[in-house]
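The structure appears right after this line, and notes come after that.
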Amino acid sequence: MADGSDSSDAQSGLDVIRESARAHEPDRYIAALLSPAPARAHLIALAAFTGEINKISRVVSDPHLAEIRLQWWRDAVLAPQAVSTGNPVADAMISVVAGREDLRALTDTWLDVLAQTFYQAEPASEAALFTEMEVLEGTPFLLAARICGAPATSQLNETSKTAGRAYGLSRLGLAMAQSLARNRLPLPKLPEAGWSPRSTAEPLNQVLAKRYIAQQARAARDAVRPQFRHGSPAQRAALLPLALVEPYLRACEKQDHDLLRDIGGVAPLVRVWRIWRAHLTGRL
C-alpha cells in the first residue's frame with residue numbers, strides 16, 4: 001500500500017509541474033516536449049519554475065511582498081543542502097541544479113535581476129533594457145542549452161543573450177499593460193521608443209513604440225537565426241521558443257492592439273505549429 005501511495009504522490013507531483021509549465025510558460029513547455037528525452041523532465045521543470053517566478057509580478061503589486069515571495073523560491077532552490085519543500089515545482093528545480101554550480105550561479109543572477117525590476121520604475125536606458133531582457137529571458141535559454149548538454153562557450157552565452165532580447169521584447173509588447181498596472185514602465189523613456197516628455201496628455205506614441213519593439217526584436221531574432229539553423233541539437237532545442245517571436249510581434253502590431261490596455265497573445269494552435277515547424281525545418 002505504501003508503494004502505491006508513493007507512486008500516486010509522485011505522479012501527482014509530475015502533473016502539477018506539467019500543468020504549471022503549460023499554464024505559465026507554454027512556449028518553453030512545448031519546446032521541452034520536443035527536446036531530447038534525457039533532458040525532457042528537467043526542461044519541463046525549468047519551464048514550470050520560469051513561469052512561477054515570472055508570475056510573481058503579475059499577482060503581487062507590492063514590491064516588498066513580491067521580493068519576499070521570490071526569496072522563498074531562491075531559498076528553496078539554491079539552499080546549500082537540498083531539502084524537499086513539498087512544492088513539486090521547487091523540488092523539481094532543486095533536482096535540475098543539484099551538483100551543478102554553473103546552473104546555480106546562473107539562477108542566482110537571474111533572480112537578482114528579477115528582484116530589481118520589482119522596484120525600478122523603468123529601465124534607465126536602452127542598454128539597461130537590453131541587459132534586463134538578456135538576463136530575464138536569456139538565462140532560461142542558456143540554462144536549457146546547458147541542461148541539454150551544450151558546452152559552456154562564449155558563443156553560447158552571447159546567443160542566449162540575443163535570444164533573450166528577441167523573445168523578451170516580443171512578449172513585452174503584448175503584456176505592457178500588465179507592467180503599467182503595477183506602475184512599472186517597461187520601456188526606457190526614449191523618443192524612439194515612443195515617449196515624449198513634452199506631452200502629458202498622450203505620453204506614449206503607440207505607433208513609434210510598436211515600431212521600436214518590432215525593429216529591436218526582429219534584429220535580435222535575425223542575429224540568432226544562423227546559430228539556430230546550424231547549431232547543435234541541444235542548442236536548437238533550447239532556442240525553439242524563438243519561433244513565437246514573429247507571431248507575437250504581428251499580434252502587437254495590429255492596429256487595434258492598445259499597448260496601454262490590452263494583453264495580447266496567439267492562438268494555441270499557432271503556438272504549437274510554429275514551434276513544431278521550427279523543430280522540423282531548423283528555421284525560425
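The values are calculated or read from the model by the stated rules, or taken from the named source; none is laboratory data. As the structure is a computational prediction, the values presented were derived from the model and not from experiment. Positions of Cβ are generated from backbone atoms using ideal geometry, with glycine treated the same way; all protein chains shown enter the neighbour counts.
Of the residues in the stretch 113-133, how many are touching a Leu at 6+ places or on another chain (Cβ under 7 Å), within 18 Å of residue 162 (Cβ to Cβ) and surrounded by fewer than 19 Cβ atoms within 10 Å (Cβ to Cβ)?
2
Checking the conditions here, which among 260, 187 is modelled with pLDDT under 95, out of contact with any His (no Cβ under 7 Å at 6 or more places or on another chain), crowded, with 18+ Cβ neighbours inside 10 Å and part of a loop (DSSP other than H, G, I, E, B)?
Values: 260 fails: crowded, with 18+ Cβ neighbours inside 10 Å.
Matching residue, one of 260, 187: 187.
Check 62, 91 and return the single one that is among the charged types (D, E, K, R) and at pLDDT below 95.
62
Would you pick out the residues in the stretch 93-150 that are closer than 23 Å to residue 45 by Cβ and among the small types (Gly, Ala, Ser)?
95, 98, 99, 105, 115, 138, 144, 145, 149, 150, listed by residue number.
Considering only residues that are part of a loop (DSSP other than H, G, I, E, B) and either among the basic types (Lys, Arg) or farther than 7 Å from residue 188 by Cβ (or both), which ones fall in the stretch 116-130? Please lay out each step first, then the result.
Taking the stretch 116-130 as the starting set, the residues that turn out to be part of a loop (DSSP other than H, G, I, E, B) are 118-125.
The answer is 118, 119, 120, 121.
Please verify whether the stretch 203-214 includes one or more residues that are over 16 Å from the mean Cα position of the chain (by Cα), without any contact (Cβ under 8 Å) to a residue 40 or more places away in the chain and not in a helix (DSSP H, G or I). Spell out the reasoning first.
Looking only at the stretch 203-214, we keep the residues that are over 16 Å from the mean Cα position of the chain (by Cα), and these are 203-214.
So of that shortlist, the ones also without any contact (Cβ under 8 Å) to a residue 40 or more places away in the chain come out as 203, 205, 207-208, 211-212.
Pick out the ones that are also not in a helix (DSSP H, G or I) and you get 203, 205.
Within the stretch 203-214, one or more residues are over 16 Å from the mean Cα position of the chain (by Cα), without any contact (Cβ under 8 Å) to a residue 40 or more places away in the chain and not in a helix (DSSP H, G or I).
When you scan the stretch 6-110 for helices (runs of 4 or more DSSP H) that lie fully inside it, which ones turn up with 1 or more residues that are closer than 25 Å to residue 185 by Cα?
Result: 26-33, 37-59, 63-78.
Taking residue 124 as the residue in question, decide whether it is at pLDDT below 95 and more than 22 Å from residue 242 (Cα to Cα). Walk me through how you get there before you give the answer.
On the way: at pLDDT below 95: yes; more than 22 Å from residue 242 (Cα to Cα): yes.
Judged against the criteria, residue 124 is a match.
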